[in-house]
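Asker: Could you have a look at this structure, given as structure tokens, before my questions?
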Amino acid sequence: MYDVATHGAMIADKIRFSTYVEALRRYVTPGSVVLDLGAGIGPFSILACQMGARRVYAIEPAAAIQVAREIARDNGYSDRIEFIQNLSTEVTLPEQADVIISDLRGVLPFCGNSVGSVVDARKRLLAPNGHLIGQRDSLWAVLVEAPKTYAEFISPWAASVYNVDYRSAQNIVLNTWQKKRATTDKLLVEPMCWATLDYTTIEKNNVHADIHWTVEQAGTVHGLRVWFDTIVAEGLAFSNAPTAPETIYGSAFFPLLESVVVAAGDQVLVSIHADLMGYDYVWRWETKVMRGGEPMTVIADFKQSTFIGTPTSLAQLLKRADSYVPMLSDDGKIDSYLLTQMDGMASTEELAEQIREHYPNRFATADDALTRVANLVERYSS
């Protein structure tokens, strides 16, 4: 979820925004029905109206959609835009859209259930012969020598400050990737396209790929630089490649567990996986470096995953096992009780009074109980 300031920065990104506007101008005609998927504060919805759309459905799960309502009112388009605060996968529209516009990606296209949301919208909400904006993302990777970027990962943990060993924290950090804009990387191989997401046909959320490079020049591999090239509509494209003009997306840096000195002719195999688990993606990158010669010698073999990069207790892991037998905690019992009482008969204040009576030792004040009820009401009430 983006805050309003970030939505403003996305509008201010001329490369990104102008490309999407040109695609809208190409496909929206007088009388069009437009679906703005992940509408945010609604700039594309407003522009679709300006271009003649008869009806715009702006779907956005975050509260930023309330700002979109105000902007539509201020610009005189409230009567032509229907704002829906919900996940698009849970929405049914009264008519199909002639145009669906979406930019659900982050630094990389895999952002929450972004791919699944586009697939669902294409199948259920797009009219026959309708148009998708954007259409295709191609993912690229390259091995880089990037000492400055790598130092940002390890320097806080590399030195023993006040005789404290921080290697456990360093291992966690090196199993994460970060948005890093760098123009000083030395490319040790040619960039390789390892996946293409064609939103007009794609069916699956997950992507797996194996990449094989022969090192072209000696150097030190610190990690992978990963980015996307996107086709918003045929002939309308941009990229967040390190060599491209800077956009709001930046590019991604996947560090290695250790830097590796390589020579021309060395072989590098990278297996990269992006798997949707729950509400977010788990990334896994496995890197094997082999010294040239007969036979080839493995000089590095790393297995990294953002699963390792997320601190998790043994108790949490056990609860995810398919053999775990769950029982409601005290908090679960309170929430369960409240949900059964949400029958359209009692007010939020009355529900708060009820849980204070049933659980007198859990709520020190009426405000504490009211906050607990309000959180559940916001999430589950219709």
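The values are calculated or read from the model by the stated rules, or taken from the named source; none is laboratory data. Since we're looking at a predicted model, the values are computed, not measured. When we count neighbours, we look across all protein chains shown, and the Cβ atoms used for this are built from the backbone with ideal geometry, even at glycine.
Asker: All but one of (1) under 26 Å from Met277 (Cβ atoms); (2) surrounded by 15 or more Cβ atoms within 10 Å (Cβ to Cβ); (3) modelled with pLDDT of 95 or more hold for His208; which doesn't?
Answerer: Status for His208: all satisfied but (2).
Asker: What number of residues within the stretch 151-180 are outside any helix (DSSP H, G or I) and either of a type in the set (Asp, Glu) or not assigned by TED's automatic domain parsing to the domain that holds Ala244 (or both)?
Answerer: Narrowing the stretch 151-180 to residues outside any helix (DSSP H, G or I): 159-160, 164-166, 174-180.
Now drop any that are not either of a type in the set (Asp, Glu) or not assigned by TED's automatic domain parsing to the domain that holds Ala244 (or both), which leaves 165.
Within the stretch 151-180, residues that are outside any helix (DSSP H, G or I) and either of a type in the set (Asp, Glu) or not assigned by TED's automatic domain parsing to the domain that holds Ala244 (or both) number 1.
Asker: Same structure, new question: From Glu82, Glu152, which residue is acidic (Asp, Glu) and farther than 25 Å from Ala241 by Cα?
Answerer: Numbers: Glu152 fails: farther than 25 Å from Ala241 by Cα.
Exactly one residue qualifies, and that residue is Glu82.
Asker: Another one. Are any residues in the stretch 154-205 in contact with a strand residue (DSSP E or B) (Cβ under 9 Å, 6 or more places away or on another chain), acidic (Asp, Glu) and at pLDDT below 90, and if so, which ones?
Answerer: Asp185
Asker: Still on this model: When the residues of the stretch 245-254 are filtered to those that are of a type in the set (Phe, Trp, Tyr) and in a strand (DSSP E or B), which remaining residue is surrounded by the fewest Cβ atoms within 10 Å (Cβ to Cβ)?
Answerer: Taking the stretch 245-254 as the starting set, the residues that turn out to be of a type in the set (Phe, Trp, Tyr) are 249, 253-254.
Keeping just the survivors that are in a strand (DSSP E or B) gives 253-254.
Numbers: Phe253: 26, Phe254: 24.
Checking each candidate, the answer is Phe254.
Asker: Considering only the stretch 239-279, state which residues are farther than 16 Å from Pro191 by Cα, in contact with a helix residue (DSSP H, G or I) (Cβ under 9 Å, 6 or more places away or on another chain) and modelled with pLDDT of 95 or more.
Answerer: Once the filter is applied, which keeps residues that are farther than 16 Å from Pro191 by Cα, in contact with a helix residue (DSSP H, G or I) (Cβ under 9 Å, 6 or more places away or on another chain) and modelled with pLDDT of 95 or more, the stretch 239-279 yields Pro255, Leu256, Leu257, Ser259.
Asker: Out of Leu276, Leu269, Leu257, I need the residue that is in contact with a His (Cβ under 6 Å, 6 or more places away or on another chain), closer than 30 Å to Val107 by Cα and part of a strand (DSSP E or B). Which one?
Answerer: Going through Leu276, Leu269, Leu257 in turn, the sole match is Leu269.
Asker: What is the one condition in (1) touching an Asp or Glu at 6+ places or on another chain (Cβ under 8 Å); (2) surrounded by fewer than 15 Cβ atoms within 10 Å (Cβ to Cβ); (3) of a type outside the set (Asp, Glu) that Val215 does not satisfy?
Answerer: Condition not satisfied by Val215: (2).
Asker: Please enumerate the residues belonging to the stretch 187-203 that are farther than 20 Å from Val107 by Cα, exposed (fewer than 14 other Cβ atoms within 10 Å of the Cβ) and touching a residue at least 24 places away in the same chain (Cβ under 8 Å).
Answerer: Glu190, Thr200, Glu203
Asker: In the stretch 76-122, which residue that is closer than 17 Å to Phe44 by Cα and among the polar types (S, T, N, Q) is surrounded by the fewest Cβ atoms within 10 Å (Cβ to Cβ)?
Answerer: Filtering first and then ranking leaves Ser78.
Asker: Mind listing just one residue for me: the one in the stretch 279-296 that is of a type outside the set (Phe, Trp, Tyr) and under 14 Å from Thr306 (Cα atoms) and, of those, surrounded by the fewest Cβ atoms within 10 Å (Cβ to Cβ)?
Answerer: Step one: filter the stretch 279-296 for residues of a type outside the set (Phe, Trp, Tyr), giving 280, 282, 284, 286-296.
Now restrict to residues that are under 14 Å from Thr306 (Cα atoms): 280, 282, 284, 286.
Working: Asp280: 13, Val282: 18, Arg284: 18, Glu286: 15.
Only one residue tops the list, namely Asp280.
Asker: Could you please tell me which pairs satisfy a Cβ distance under 6 Å, a separation of 6+ or placement on different chains, a first residue in the stretch 3-29 that is at pLDDT below 95, and a second residue that is part of a loop (DSSP other than H, G, I, E, B) and of a type in the set (A, V, I, L, M)?
Answerer: Close Cβ pairs (under 6 Å, with a partner that is part of a loop (DSSP other than H, G, I, E, B) and of a type in the set (A, V, I, L, M)) amount to His7/Ile41; Ala9/Ile248; Met10/Ile248; Asp13/Ile248.
Asker: Same structure, new question: Sort out which residues of the stretch 332-348 are of a type in the set (Asp, Glu) and closer than 12 Å to Ser381 by Cα, and write them in order of number.
Answerer: Once the filter is applied, which keeps residues that are of a type in the set (Asp, Glu) and closer than 12 Å to Ser381 by Cα, the stretch 332-348 yields only Asp343.
Asker: In the set Leu125, Leu174, which member is farther than 15 Å from Ala252 by Cα and surrounded by 17 or more Cβ atoms within 10 Å (Cβ to Cβ)?
Answerer: Working: Leu174 fails: farther than 15 Å from Ala252 by Cα.
Only one candidate qualifies: Leu125.
Asker: Let me ask you something else. Tell me the residue from Gly265, Gly235, Gly223 that is among the small types (Gly, Ala, Ser), surrounded by fewer than 16 Cβ atoms within 10 Å (Cβ to Cβ) and closer than 30 Å to Val118 by Cβ, please. Talk me through it step by step, then tell me what you get.
Answerer: Values: Gly265 fails: closer than 30 Å to Val118 by Cβ; Gly223 fails: surrounded by fewer than 16 Cβ atoms within 10 Å (Cβ to Cβ).
After applying the criteria, what remains is Gly235.
Asker: Being assigned to a helix (DSSP H, G or I), more than 25 Å from Val119 (Cβ to Cβ) and not aliphatic (A, V, I, L, M) is the filter here; which residues of the stretch 18-75 pass it?
Answerer: Ser18, Arg25, Cys49, Gln50, Gln66, Arg69, Glu70, Arg73, Asp74, Asn75, listed by residue number.
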